[in-house]
Amino acid sequence: MESPFQMNPSPILPRPDSFDPLLQALREAGQQQLLPRFQGPLTVAEKPDGSLVTSADHALDARLRHVLGELFPTIPVLSEEQGRTEQQVVLADAERFWLMDPLDGTTNFASGMPFFAVSLALVGKNGVYFGATYDPVRDELFSAVHGGGFLLNGQALPSQPRQPEDLAQCTALVDCKRLTPPLATALVVSPPYRSQRNLGACALEWAWLAAGRADLYLHGGQAVWDSAAGTVMLSEVGGALTDLAGGPVFRRTLEKPSAVAARSPALHRHWLEWLQARHGDTR
């Protein structure tokens, strides 16, 4: 399928080649703002919802706002670090906007665990058109344009790893947060997969899933900036994703829908069926 940018050029959405300077700026921001603060001097505070925010989050937020303002001055920004009222205004009023998580995996970062990233997505009227997630520890930049393929450090993956044929052969990325007790218990007592991981940085986990480093994904409820970039990446490699009720994962809302994903539609179907049978209420 061709990219909608090429099929229908529009002043509303940037052309794919205009993302190249942004990707370079994203890499530089991660290297210059995150790495020096990792396991270094850091101010850590707690948000009202109990999650952590650090001086690194704020530094990346300011840096990327400046970059986006220079490269795309007419496109507004919705960041995790904005106040909820400001976030709601962007969601309600903007036909297209940048969706930003300046530090995905803040708890990992503050704890000295080297699994964190900066993530950015461009949301248009009909969904996510572009997504990028940069891991500065490994210098891995994952990106995708809708209809334009999935890239790692600017290159297509040489080949996708072998895809398992059934759940019992799979490695799953599972976060039991916000799952119903019956489902969480079933996953602990009698999981359908071979092995399970929870790495603590949603946007980076989505990128790893798209890259074939895991086969299944489950999260009980995540924010829109956690999943947006990853949903376009996974779609570009032929993966499938829904919430636990079979609806869309990406929504223009501050609610936190569940996420069920797999590297192939067949795996996703079996995974979702197994989960729904043990989840109970899927409303």
| query | Using a cut-off of 19 Å between alpha-carbon atoms, which aspartates and glutamates can reach Lys256, once sequence neighbours fewer than 8 places away in the same chain are excluded? | reply | Asp49, Glu80, Glu81, Glu86, Asp101, Asp104, Asp175, Glu205, Asp226, Asp243, Asp281
| request: Mind jotting down the distance between the C-alpha centroids of the range 232-283 and the range 120-141, whole Å? | output: 19 Å
| So who's got an amide H within less than 5 Å of the one on Arg197, skipping anything under 5 residues away but keeping other chains? H placed 1.01 Å off N, in plane. | Ala172, Leu173, Val174
| message | Only bridges whose two residues both fall in the chain count here: according to DSSP, what percent of them are antiparallel, nearest 5? | response | 80 percent
| request: Quick one: what are the phi-derived ³J(HN,Hα) couplings along the range 148-154, Karplus 6.51/-1.76/1.60 with θ = phi - 60°, whole Hz, x for glycine and proline? | output: x, x, 10, 10, 10, 6, x
| remark: Taking the range 4-156, the equivalent ellipsoid from its C-alpha gyration tensor has semi-axes in Å, biggest first, of 26, 19, 12
| remark: For the range 136-257, shape from the Cα gyration tensor axes a ≥ b ≥ c, cut at a/c of 1.5 then a/b versus b/c, turns out oblate
| remark: Relative to the chain, whose Cα atoms define the longest principal axis, helix 84-93 and its Cα axis are tilted in degrees, nearest 10, by 90 degrees
| field | Fully extended contour minus Cα-Cα distance, from Ala245 to Glu165, at 0.36 nm per residue | value | 26.5 nm
| said: Cut-off is 10 Å between beta-carbons; in what order do Met100, Met233 appear when sorted fewest neighbours first? | reply: Met100, Met233
| task | Within 10 Å of each residue's Cβ, count the other Cβ atoms and sort Glu255, Glu70 from fewest upward. | result | Glu255, Glu70
| If the viscosity is 0.890 mPa s and the temperature 25 °C, what Stokes-Einstein diffusion coefficient in µm²/s follows for the range 118-157 when Rh is the Kirkwood radius over Cα pairs? | 232 µm²/s
| message | Can you compute log10 of I(q)/I(0) for the chain with the Debye formula, treating each Cα as one identical point scatterer, at q = 0.10, 0.12 Å⁻¹? | response | -0.50, -0.73
| message | Between Asp93 and Lys177, what is the label-point separation in nm under the 7 Å Cα-to-beta-carbon projection? | response | 3.0 nm
| Per residue and in Å³, how big is the convex hull formed by the alpha-carbon atoms of the range 34-74? | 81 Å³
| said: Going by average Cβ density within 10 Å per residue, which order do the peptides 259-266, 115-122, 48-55, 101-108 take, highest to lowest? | reply: 115-122, 101-108, 259-266, 48-55
| If you rank Leu204, Leu23 by fewest surrounding Cβ atoms within 10 Å, what's the result? | Leu23, Leu204
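Bear in mind that the values in this text are calculations on the coordinates, not laboratory data. Given the structure is predicted, the values throughout are model-derived calculations rather than measurements. Here Cβ is always computed from backbone atoms with ideal geometry, including for glycine, and neighbour counts include all displayed protein chains.
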